[in-house]
Amino acid sequence: MQNNIKKPFQVNLNLNVRGLEPSSTLAINERSRQLVKEGKEVFRLGLGQSPFPVPEEVVESLRRNAHQKEYLPVSGLPELRESISEFNVRMHKVDDRPEDILIGPGSKELIFLLQLVYYGDLIIPTPSWVSYAPQAQIIGRHVHWVPTQHSNDLRMSPDMLEEICRKDPDKPRIAILNYPANPTGVTYPIERLKRLAEVAAKYNVILVSDEIYGLMHHNNQHVSVARYYPEGTIISNGLSKWCGAGGWRLGFFSFPSGLRWLRDAMAIAASETFTTTSAPIQYAAVTAFNGGPFMDDYLTKVRKSLKTILKYIMVRFDILKITYPTPQGAFYIFPDFGFYREALMQRGITTSKELCTRLLEETGVAMLPGSDFGRDPGELSARIAYVDFDGREVLEGSGVLFNDEANHDYFVEKHCSKLVKAVERIGNWLQG
Ligand code: PMP
Ligand code: GLU
C-alpha cells in the first residue's frame, strides 16, 4: 500500500533573505500595539508615522473617487503625473515632465525596484533609514556604509563619497541622500549639496534624493540636490509624511530625461509585480499634489507644531546631557546617551539594542536602537519619533504658536502630554 503521509516542506529560503528579521520600524509598531493590548502604558516613539490627519480636502477627494475601479497605466494616472511634475517644478524649480514620473505603492517599493533593476553598489551614510540596506541585501547588492562624524552632524561628506568612488571610478553606483534625514532630522546646507553633486557627477553616481520629509523642513527651506545635478538625480517623494497618508501607500520617482531607459525598465518590473497603484488613491493624490491655500495652511501648522515640540525636547535633553545632531526637519531626533555609559553598564546595558529593550520594559517608552540605522552596536544612540500625540488636536490648537507672546511649553504640555511624560520618564530612568 502506498504511504500517503506527506513530508513537511523543507525550509528552503533564498540565501539573501535567510536571517532577515521584519523591518524594525514595523516590528516596534507591532510590539507597542501588543503591549497596549496587554494593558501596559506605552509611549509610541518607535514607528515614524505622521500623527497629523490627511487634510480634509484630500480625504473628500478620495471619497469622491471611491468608485474608480479600473487598472490605471503602470506608470500612473496621467493627470497625477502631470500634477506631480508641476509640484516638482514649483517646489524645486527644476525641469520636470509627466513622462519622467513613475508612481508606485510607496516610495519604499520604488527604491527596492530601482535597486533590482539597476546593477550597482549602494552607498548610504551611517546612520540611514532602516530599509535601504536590507533591500540591497534581498536583491544581492553590495552596501557601502559611509562613516560620518558627529562634528558633521552624521551627514555624508563629499570627501568620503569621493574616496569610495576613486577606488574604482567606473563602477556603477547608487547613492541615497535623505534629507531632512531619517533618523536624525538633519538636512544638508546648499554648499554641501553642491559639493556632493559635483562628486556624484564626476563618477556618474546615480543620486536618489529621498525627499519624503522635504516639505517637513521646519522652516520650509528644503532645497533639492536635483538643482545641482539634474542629469543624475532621481527625486523620491510621496504622500506618506507631509500629507499624513502613510497607509495610503503612494510614492513617486521623478527621473532626469537622460535616465528614461531606467524609468522604463522600472516600469516593466512594476508591470510584472504591483501592476499599478490603487486607482482611488491616485485620483485623491491629484488634490494633494495640486495643493493650494488649504495645503499651505496645513503644512505651515504642521511645521510650526513640530518645531515647537522639538524645541521642548531639546531643552530637556540638554539639561540631561543627552547629545544629538540638531534636527531641522521631519519628526525625528537621534540622541546619544553616552554621558550615562558607566551607569548604564552597571545595569548591564552596553548596546543601543539593550538600551531600547530595557527602556521599553521599564518605562514603556518605545524607540529604535541606533544599530538598526547602521550605527555601531556599542554606541548608545537611538531614534525617537516624537509623534505620540493627537495631530488633529495639535493642529487645531496651533494657531497660538504664531503669536510671539505664546507660552510654547504650555502648548506642548497641554496638547502633547504623552510626549512630555515620555521625556520625563527617559530622564528619570537614566538618572535612576
Ligand atoms: N524614505 C524614508 C527616509 C522613510 O522614512 C520612509 C518611511 N516612510 C520611506 C522612504 C518610505 O516611504 P513610503 O514607502 O511610505 O513612501
Ligand atoms: N519610515 C517609517 C519609519 O522610519 C515607517 C515606515 C516604514 O519603515 O516603512 O519609521
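The calculated 222 nm mean residue ellipticity attributable to helices in the chain amounts to -13000 deg cm²/dmol, summing -39500 (n - 2.57) over DSSP H runs of n ≥ 4 and dividing by all residues. Working from Cα pairs under 8 Å separated by at least six residues, relative contact order for the range 152-216 is 44 percent.
If you average the alpha carbon positions of the range 391-432 and of the range 66-88, how far apart do those two centres end up, in angstrom? Going from one Cα centre to the other spans 39 Å. Surface analysis of the chain yields an accessible area of 45 Å² per residue, using protein heavy atoms and a 1.4 Å probe.
Computed in the context of the full set of protein chains, the accessible area of the chain at 1.4 Å probe radius has 51% of its extent on carbon or sulfur.
Here residue 20 sits with roughly 60 square angstrom of accessible surface, probe radius 1.4 Å. Of 77, 35, 331, which is farthest along the charge dipole of the chain in the positive direction, counting Lys and Arg as +1 and Asp and Glu as -1 at C-beta? Positive-most Cα among the choices belongs to 35. Qualifying GluC sites (Glu not before Pro) in the range 24-121, where qualification requires a DSSP coil assignment and no more than 11 other C-beta atoms within 10 Å, comprise 38, 70.
With r defined as the distance between the Cβ atoms of residue 30 and residue 424 and R0 fixed at 30 Å, what FRET efficiency is calculated, to the nearest 0.05? Spell out each step's value before the answer.
Working: r = 26 Å, r/R0 = 0.86.
With R0 = 30 Å, the Cβ-Cβ based efficiency is 0.70.
The values are calculated or read from the model by the stated rules, or taken from the named source; none is laboratory data. None of these values were measured; they are calculated from a predicted model. Heads up, the Cβs are rebuilt from the backbone with ideal geometry, glycines too, and the neighbour counts pull from every protein chain shown. Heads up: the accessible areas ignore ligands, DNA and RNA and are worked out on the full protein's heavy atoms, side chains in. Shrake-Rupley method; radii C 1.70, N 1.55, O 1.52, S 1.80 Å.
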